[in-house]
Amino acid sequence: MSILDRFSLAGQVALVTGGGRGLGFEMARALAEAGAHVIINGRTATTLEDAVRTIRAAGTAEAAAFDITDREAQRAAIADIDKVHGRLDILINNVGARDRRPLAEFDDDAIIELLRTDLAAAMTLSRDAAVLMKRRNHGRLIAVTSISGHVVMPGDCVYPAAKQGLTGLMRGMAVEFGPHGITSNAIAPGWFATETNAAMAANEELMPFVRQRIPVQRWGRADEIAGAALFLASDAASFVNGHVLTVDGGMTVRM
C-alpha cells in the first residue's frame, strides 16, 4: 500500500458533530472526498441539508439532526447508524459552545450547561461510538479542542477548562481503547475566520494583534483544518494515539 493509499477512507462511515458549517463542514467534506460516507450532525435541519447537498458533489453524505446534549437523541443516533450502516469508523466531536466571560459572572447553571455541551456530550457519545468500533477492532475518535485549552486570555475561564477536560478525555480514551484498535486524538484550532468569528475576523483593529501574535500573520481559513482531520482519521495516523495536533499558524509557540 502506498502512502497516498493510506489516506483513503473508502468504505468507512464517519459521524461529524456540528458538521453543518465552519470547521465541522470542512472536516466532513474532507472525509467524504477521501471516500468515507459522512453523517453530518447539527440541530438545524435546513443547514444540514445544504451542507449535505454541497458534500454530495464530491462524495456521499447524509444528515442527522439532533442535539448532542440530549442523551436519548445520542443513543437513537448511534442505534440508527448501527441499523443502517452496521458500522461506525470515525467520530469527530466538533460541537462546542463559546461563552467569553469571567468565572465570577457565571452562575451554576451556566457552568453546567457549557460543560455539558463542550465536554460531557463528547464523553457519552464517544463511549457509545466505541461500542460499534470495538466490533471491528478499528476506529478513530477525534476531539476538536482549542488552543484555549493551553493558553488563556483574560476574562475567559469556563470554556478553556472544558476544552482542557476534553483533552484529558481524549488521552484517557487513547489508553482505554487503544488495545481495541481505536485511536483517540485531538485537533486544537487557533484563530479561524469562520461564521462564528466573522465579526472578529473583520475587525481591522485586531489585525495588529494578529500580525504580532500569529507568526503567519493572518487568520486561518476554515478549509485549512481539513488536512489535520483527514490525517488523524486515516491509516496514515495508525500509530498516532493520545496526541493533540495544534493548527494555529504558530500562535502557541510565539514568545
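The values are calculated or read from the model by the stated rules, or taken from the named source; none is laboratory data. In this text, all values refer to a predicted model and were calculated from it rather than measured experimentally. Note that we place each Cβ from the backbone using ideal geometry, even for glycine, and neighbour counts take in every protein chain shown. Keep in mind that these areas ignore ligands, DNA and RNA; they rest on the heavy atoms of the full protein, side chains included. Shrake-Rupley method; radii C 1.70, N 1.55, O 1.52, S 1.80 Å.
Brief remarks on what is shown
- The mean of 1/r over all distinct Cα pairs in segment 21-91, once inverted, gives the Kirkwood hydrodynamic radius of 12.4 Å.
- Per-atom-type breakdown for the chain gives carbon and sulfur 54% of the accessible area (1.4 Å probe, protein chains only).
- 3J(HN,Hα) couplings calculated from phi for segment 170-182 with the Karplus curve 6.51 cos²θ - 1.76 cosθ + 1.60 (θ = phi - 60°) are, in sequence order, 4, 5, x, 5, 4, 6, 6, 9, x, x, 9, x, 10 Hz; Gly and Pro show x.
- Max mean-square fluctuation residue, GNM over the chain, Cα-Cα springs under 10 Å, options Ala104, Ala30, Ala199: Ala104
- Within segment 111-137: backbone nitrogen closer than 13 Å to the Arg43 label point (7 Å, Cα to C-beta): 113-114, 116-118
- Estimated D of the chain in µm² per second, where Rh is the Kirkwood radius over Cα pairs and Stokes-Einstein applies at 37 °C, 0.692 mPa s: 178
- Mean residue ellipticity (222 nm) of the chain, computed from DSSP H runs ≥ 4 via -39,500 (n - 2.57), nearest 500: -12000 deg cm²/dmol
- Value of relative contact order over the chain, rounded to a whole percent, pairs C-alpha under 8 Å and six or more apart: 20
- When segment 108-250 is reduced to its Cα atoms, the Kirkwood hydrodynamic radius in Å: 16.4
- Accessible area per residue (1.4 Å probe, heavy atoms of protein chains only) ranks Leu4, Leu169, Leu91 as Leu4, Leu169, Leu91, with the largest value leading.
- With protein chains left intact and a 1.4 Å probe, residues in segment 21-122 average 48 Å² of accessible area per residue.
- Summed over the residues of segment 213-255 and divided among them, the accessible surface reaches 50 Å² per residue at a probe radius of 1.4 Å.
- Whole-Hz couplings from phi, Karplus 6.51/-1.76/1.60, listed for segment 196-203; x for Gly and Pro: 5, 9, 4, 5, 5, 5, 8, 7
- Look at where the Cα atoms of segment 192-220 and of segment 88-159 average out, and the two centres are 24 Å apart.
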